[in-house]
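See below for the structure under consideration.
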Amino acid sequence: MTPFLDSKLPQVGTTIFTVMSALAQEHQAVNLGQGFPDFACDPELVQHVSDAMLEGLNQYPSMLGVLELRKAISHKVETLYATHYDPASEITVTAGATQAILNAVLAVVRAGDEVIVLEPCYDSYIPNIELAGGVVVRVPLEPGTFKVNFDRIAAAITPKSRAMIINSPHNPSGTIWSKDDLLQLQELLAPTHIFLISDEVYEHMVYAPEVHHSVASFKGLAERAFIISSFGKTYHVTGWKVAYCLAPASMSAEFRKVHQFNVFTVNTPVQHGLARFMANASHANDLSAFYQRKRDLFRTGLEQTHFKLLPCEGTYFQCVRKDDLKVSEKSLSESKFCEWLTAEVGVAAIPLSAFYANADDQGIIRFCFAKKDETLKLALERLAKL
């Protein structure tokens, strides 16, 4: 007889992204739900990876990541954020950002420790904390604007507070943390022993006149932070699952203990290919302009509908309110509305409530515009019927 398995994650089921993607496929809808591009990456990157394979670079690399790639990451971070991370002791290549976040949580969170998360948040944060035996402390961002409420964060800090997770540019809202926000956070955390996990996977998607402010640029934050970014997001290769984590040497040492017995190491030829591709910084630095054009195309089309557009300062996500639509279905819950939109209008989106533990419903849905122009135009044609 199969033994009874008491789930460590009893609240976790099939993700909304899987559900909506399956529904989109069933109804042949334009899938603007899950966050991945529908266009190819740069052929030069593929060639670099292919070359590495043909050169025989196919065996285990260093557990820390290919040294050439860690050196390239160090150079990039120092160039952009004026902070040096040692490739040998402070940079670790990971199997995607989701794994890096889990590594960081498992490295520092012990049973009973409290971890502050700002909702709405990416769906892996809370399960990661629970797997580590931690206690999730949810602090809501301001409804509608998704701005940070520092009074609420301060009120959430207790002697049991072990870590805090932040995300900028922010998925799902598309907002960013300003320089003043990070200075205020630095001041708030200064008298504490709280570790910071900074999810910066959309760092190269911040739209003019705004700029990305990395935690790496703030000494008082960087000295307590695991900073995570993603090659998958930056180079349109989400399926490759390669990312990295920056952290002070003592923190990286503990991070690597988890990493070593989690995935051990990451795809060798892909790492070599990425290192060679990073030699041309424009591949990353031009990304904001690339996506800003797509954002503007999509927003211009949405303005012809009765959706109310929320600001999009970064990421490749656009949130809209459905309150002013001229259809009776606008009164549906966010989740039910997205199902209706997929089945009847032929465009899939994600309900913002999916990013809240209590499924907080504000009448907001999220579209992904990391798509070919023709994909976005087809979606806009269908949405214009609203």
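Can you tell me which of Thr342, Thr305 is assigned to a helix (DSSP H, G or I), in contact (Cβ under 8 Å) with a residue 12 or more places away in the chain and more than 21 Å from the chain's Cα centre (by Cα)?
After ruling out the rest, the residue left standing is Thr342.
Go through (1) among the hydroxyl-bearing types (Ser, Thr, Tyr); (2) within 16 Å of Val266 (Cα to Cα); (3) surrounded by 15 or more Cβ atoms within 10 Å (Cβ to Cβ) and name the single condition Tyr81 misses.
Of (1) among the hydroxyl-bearing types (Ser, Thr, Tyr); (2) within 16 Å of Val266 (Cα to Cα); (3) surrounded by 15 or more Cβ atoms within 10 Å (Cβ to Cβ), only one is false for Tyr81: (2).
Just need a number here: residues in region 345-363 that are farther than 12 Å from Ser335 by Cβ and either without any contact (Cβ under 8 Å) to a residue 24 or more places away in the chain or more than 19 Å from the chain's Cα centre (by Cα) (or both).
Counting residues in region 345-363 that are farther than 12 Å from Ser335 by Cβ and either without any contact (Cβ under 8 Å) to a residue 24 or more places away in the chain or more than 19 Å from the chain's Cα centre (by Cα) (or both) gives 6.
May I ask you to say which residue of Ala190, Ala208 is closer than 21 Å to Ala289 by Cα and surrounded by fewer than 16 Cβ atoms within 10 Å (Cβ to Cβ)? Working first, answer last.
Numbers: Ala190 fails: closer than 21 Å to Ala289 by Cα.
Just one listed residue meets the conditions, Ala208.
Among the residues of region 350-377, write down those that are of a type in the set (D, E, K, R) and not in a helix (DSSP H, G or I).
Correct list: Asp360, Asp361, Arg366, Lys371, Lys372.
In the list Lys330, Lys377, Lys322, which residue meets the criterion of being at pLDDT 95 or above, surrounded by fewer than 18 Cβ atoms within 10 Å (Cβ to Cβ) and not assigned by TED's automatic domain parsing to the domain that holds Leu141?
The unique qualifying residue is Lys377.
Within the bounds of region 153-160, is there any residue that is assigned to a loop (DSSP other than H, G, I, E, B), modelled with pLDDT of 95 or more, in the same structural domain as Ile194 (by TED's automatic domain parsing) and hydroxyl-bearing (Ser, Thr, Tyr)?
There is at least one residue in region 153-160 that is assigned to a loop (DSSP other than H, G, I, E, B), modelled with pLDDT of 95 or more, in the same structural domain as Ile194 (by TED's automatic domain parsing) and hydroxyl-bearing (Ser, Thr, Tyr).
Failed condition for Glu200, given (1) surrounded by fewer than 21 Cβ atoms within 10 Å (Cβ to Cβ); (2) within 29 Å of Gly33 (Cβ to Cβ); (3) of a type in the set (Asp, Glu), with all others met?
With respect to (1) surrounded by fewer than 21 Cβ atoms within 10 Å (Cβ to Cβ); (2) within 29 Å of Gly33 (Cβ to Cβ); (3) of a type in the set (Asp, Glu), Glu200 is out only on (1).
Considering only residues that are among the aliphatic types (A, V, I, L, M), surrounded by fewer than 20 Cβ atoms within 10 Å (Cβ to Cβ) and under 21 Å from the mean Cα position of the chain (by Cα), which ones fall in region 266-299?
So in region 266-299, the residues among the aliphatic types (A, V, I, L, M) come out as 266, 270, 274-275, 278-279, 281, 284, 287, 289, 297.
Applying the additional criterion that residues be surrounded by fewer than 20 Cβ atoms within 10 Å (Cβ to Cβ) yields 279, 281, 284, 289, 297.
Matches in region 266-299: Ala284, Ala289.
For region 181-226, name all the residues that are within 16 Å of Asn171 (Cα to Cα) and of a type in the set (A, V, I, L, M, F, W, C).
Result: Ile197, Val201, Met205, Val206.
Hey, can you tell me all the residues within region 125-144 that are among the β-branched types (Val, Ile, Thr) and either touching a residue at least 40 places away in the same chain (Cβ under 8 Å) or touching a Cys at 6+ places or on another chain (Cβ under 8 Å) (or both)?
Answer for region 125-144, where residues must be among the β-branched types (Val, Ile, Thr) and either touching a residue at least 40 places away in the same chain (Cβ under 8 Å) or touching a Cys at 6+ places or on another chain (Cβ under 8 Å) (or both): Ile126, Val136.
Among (1) of a type in the set (D, E, K, R); (2) more than 19 Å from the chain's Cα centre (by Cα); (3) on the phi > 0 side of the Ramachandran plot, where does Arg256 come up short?
(3)
Counting just the residues of region 19-36 that are at pLDDT below 95 and under 15 Å from Thr238 (Cβ atoms), which one comes out nearest to the chain's Cα centre (by Cα)?
Selected residue: Gly35.
If we keep just the residues of region 320-338 that are more than 24 Å from the chain's Cα centre (by Cα) and in a helix (DSSP H, G or I), which is nearest to Val19 (Cα to Cα)?
For region 320-338, the residue satisfying everything is Lys336.
Tell me whether region 96-112 contains one or more residues that are surrounded by fewer than 18 Cβ atoms within 10 Å (Cβ to Cβ), within 27 Å of Pro351 (Cβ to Cβ) and either in the same structural domain as His213 (by TED's automatic domain parsing) or within 20 Å of the chain's Cα centre (by Cα) (or both).
no
Would you mind finding the one in Leu302, Leu309 that is surrounded by fewer than 19 Cβ atoms within 10 Å (Cβ to Cβ) and either out of contact with any Ser or Thr (no Cβ under 6 Å at 6 or more places or on another chain) or under 26 Å from Ser178 (Cβ atoms) (or both)?
Only one candidate qualifies: Leu309.
Being under 13 Å from the mean Cα position of the chain (by Cα) and among the aliphatic types (A, V, I, L, M), is that true of even one residue in region 214-235?
Among the residues of region 214-235, at least one is under 13 Å from the mean Cα position of the chain (by Cα) and among the aliphatic types (A, V, I, L, M), which makes the answer yes.
The values are calculated or read from the model by the stated rules, or taken from the named source; none is laboratory data. All values derive from a computational prediction rather than experimental measurement. Because the Cβ atoms are built from the backbone with ideal geometry, glycine has one as well, and the counts that use them run over all protein chains shown.
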